[in-house]
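Read the structure below first, then the notes.
The values are calculated or read from the model by the stated rules, or taken from the named source; none is laboratory data. What you see is a predicted model; the values in this text were computed from it and never measured. Positions of Cβ are backbone-derived with ideal geometry, glycine not excepted, and every protein chain shown enters the neighbour counts.
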Amino acid sequence: MMHGMLSRSAHQREIAKRLESNPAVALLGARQVGKTTIAHRIAEEWDGETAYFDLERPADLARLTEPELALEPLSGLVILDEIQRRPDLFPVLRGLIDRDPNRHFLILGSAAPELLRQSSETLAGRISHYNLPPLRVDELAAADRLDLNSLWLRGGFPRSYLATDDPISFQWRLDFVRTFVERDLPALGSTVPSATHDRFWHMLSHVHGQVWNGARFASSFGVAATTVRSYLDLLTSALVVTQLKPWHENVSKRQVKSPKVYIADSGLLHALLDLPDRTAVERHPILGASWEGFVIDQLASITGSRPDQRYFWATHAGAELDLLIVRGAERVGFEVKRTSAPRPTRSLRMAIDTLGLDRTYLVHAGEHTFALTADVEAVSINELATRTDW
């Protein structure tokens, strides 16, 4: 397996480009996904003065006790890392930007929805948001560092994917899970005991890829459904869980109206389920759902779709579409199967007919891409890295 650092140059270039035309850029992503590394590289290439504040360091927090006094004298590029720890800084930044539009701020955060709300309201018209995902097939292929099975098994966190062997990768992910529930969630404002979050996250991994059933979780924890929903929403806001919204419209069939829930990274899923290697994953009942979630996650990124354009569709009678991307009037459907011999299913045909899909793809684990039917293309997983016509 490959090892060493991986340059995320495409992301770095895009963020630097946005800084040229915006006084502030919010770089958002899960913990340990590489935000700080990219920020330091941008600072190294910045033409002018730079300043860096890590809001997890007591010394840097102390420097910002009087934020306006600390930031006013600075020019050039100012980087504020882990901004979710000090959301009170946003109004200060607005004033500084308005007084000196030549000053630039790169704001790093690990809690997207809250951060987006806060910054969008306070810095409207002054800030661009950029989401940094874990490593993806297209990025790794471009760098000639793609090992598809390792990406699925280890996930896309750089230190996990680039570890020198599977045991080191697995241990990194176990440590990530423990640190996340013990330190990171309390830092996001959670007052729920760490042991409760740990149990909830592990339970959630067993229903990865299933429709959310709040009553079932509420019963297990002996709390209200709204309480377990708040646990789910916190993990979602921290970018370690993904909720895929249901699509429903005025058709005669009874449709599912609760979200599907996925552990956002396949490597974290396998760590939560204590599956250290490929053999363990392939022997576990989660195999199909793990593969499905991994492919959907890759498709969500490489299609360039926004979260508000991505859905699944299902009826109570059993018809289902794994991923539906809605861009204006266009509807593109994706079915995911871990098989080398894909076949059209009745469920997929029902989705095509009911939803009026413009294009439909069945992504499979085999080696070849071909027309499955007149309106369904079977696409090999190996093409995800290079295909651009989604």
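Among residues belonging to the range 294-303 that are part of a helix (DSSP H, G or I) and among the polar types (S, T, N, Q), point out the one that is modelled with the lowest pLDDT.
Residues of the range 294-303 part of a helix (DSSP H, G or I): 294-302.
If we keep only those that are among the polar types (S, T, N, Q) as well, we get 298, 301.
Working: GLN298: 97, SER301: 90.
By that ranking, first place goes to SER301.
Out of curiosity, is GLY95 surrounded by fewer than 17 Cβ atoms within 10 Å (Cβ to Cβ) and either in the same structural domain as GLN298 (by TED's automatic domain parsing) or in a loop (DSSP other than H, G, I, E, B) (or both)?
Details: surrounded by fewer than 17 Cβ atoms within 10 Å (Cβ to Cβ): yes; either in the same structural domain as GLN298 (by TED's automatic domain parsing) or in a loop (DSSP other than H, G, I, E, B) (or both): no.
No; evaluated as a whole, the condition is false for this residue.
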Item to check | the range 308-324, residues that are of a type in the set (D, E, K, R) and farther than 15 Å from ASP353 by Cα | outcome: ASP308, ARG310, ASP322
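Residue-by-condition table, conditions (1) surrounded by fewer than 20 Cβ atoms within 10 Å (Cβ to Cβ); (2) within 15 Å of ASP265 (Cα to Cα); (3) assigned by TED's automatic domain parsing to the domain that holds SER110:
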| residue | (1), (2), (3) |
| --- | --- |
| TRP201 | no, yes, no |
| SER205 | no, yes, no |
| GLN210 | yes, no, no |
| SER220 | yes, no, no |
| VAL228 | no, no, no |
Next on the checklist: Tell me the residue from ASP138, ASP175, ASP184, ASP144 that is part of a helix (DSSP H, G or I) and without any contact (Cβ under 8 Å) to a residue 60 or more places away in the chain, please.
Outcome noted: ASP175
Item to check | Tally, over the range 247-280, of residues that are closer than 24 Å to PRO134 by Cα and either in contact with a helix residue (DSSP H, G or I) (Cβ under 6 Å, 6 or more places away or on another chain) or not β-branched (Val, Ile, Thr) (or both) | outcome: 20
Item to check | Selection count where residues are crowded, with 18+ Cβ neighbours inside 10 Å and either in contact with a strand residue (DSSP E or B) (Cβ under 9 Å, 6 or more places away or on another chain) or part of a loop (DSSP other than H, G, I, E, B) (or both), scope the range 257-267 | outcome: 6
Checklist outcome for this item: Listed by first then second residue, the pairs whose first member lies in the range 159-170 and is modelled with pLDDT of 95 or more and among the aliphatic types (A, V, I, L, M), whose partner is surrounded by fewer than 17 Cβ atoms within 10 Å (Cβ to Cβ) and assigned to a helix (DSSP H, G or I), with beta carbons under 9 Å and at least 6 positions apart or on separate chains, are ALA163/GLN171
Next on the checklist: When you check ALA10 against the structure, is it in contact with a helix residue (DSSP H, G or I) (Cβ under 7 Å, 6 or more places away or on another chain), touching a residue at least 24 places away in the same chain (Cβ under 8 Å) and loosely packed, with under 13 Cβ neighbours inside 10 Å, yes or no?
Outcome noted: yes
Checklist entry - Within the range 31-51, restricting attention to residues that are more than 21 Å from LEU146 (Cα to Cα) and under 23 Å from the mean Cα position of the chain (by Cα), which residue is surrounded by the most Cβ atoms within 10 Å (Cβ to Cβ)? => result ALA39
Checklist outcome for this item: Note: among LEU64, LEU77, LEU106, just one is modelled with pLDDT of 95 or more, farther than 22 Å from LEU132 by Cβ and either of a type in the set (Gly, Ala, Ser) or in the same structural domain as LEU123 (by TED's automatic domain parsing) (or both), namely LEU64
Checklist outcome for this item: Among ASP322, ASP274, the single one that is among the acidic types (Asp, Glu) and farther than 23 Å from ASN382 by Cα is ASP274
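For the subset of the range 271-286 comprising residues that are not in a loop (DSSP other than H, G, I, E, B) and not aliphatic (A, V, I, L, M), which member is nearest to TRP172 (Cα to Cα)? Please lay out each step first, then the result.
So the first thing to find is which residues in the range 271-286 are not in a loop (DSSP other than H, G, I, E, B), and the list is 271-272, 278-282.
From what's left, not aliphatic (A, V, I, L, M): 278-279, 282.
On the way: ARG278: 17, THR279: 19, GLU282: 21 Å.
Once the filter is applied, the top-ranked residue is ARG278.
Against the condition in the same structural domain as SER169 (by TED's automatic domain parsing), on the phi > 0 side of the Ramachandran plot and either in a helix (DSSP H, G or I) or buried (at least 21 other Cβ atoms within 10 Å of the Cβ) (or both), how does LEU239 come out, does it pass?
Values: in the same structural domain as SER169 (by TED's automatic domain parsing): yes; on the phi > 0 side of the Ramachandran plot: yes; either in a helix (DSSP H, G or I) or buried (at least 21 other Cβ atoms within 10 Å of the Cβ) (or both): yes.
Yes, satisfied.
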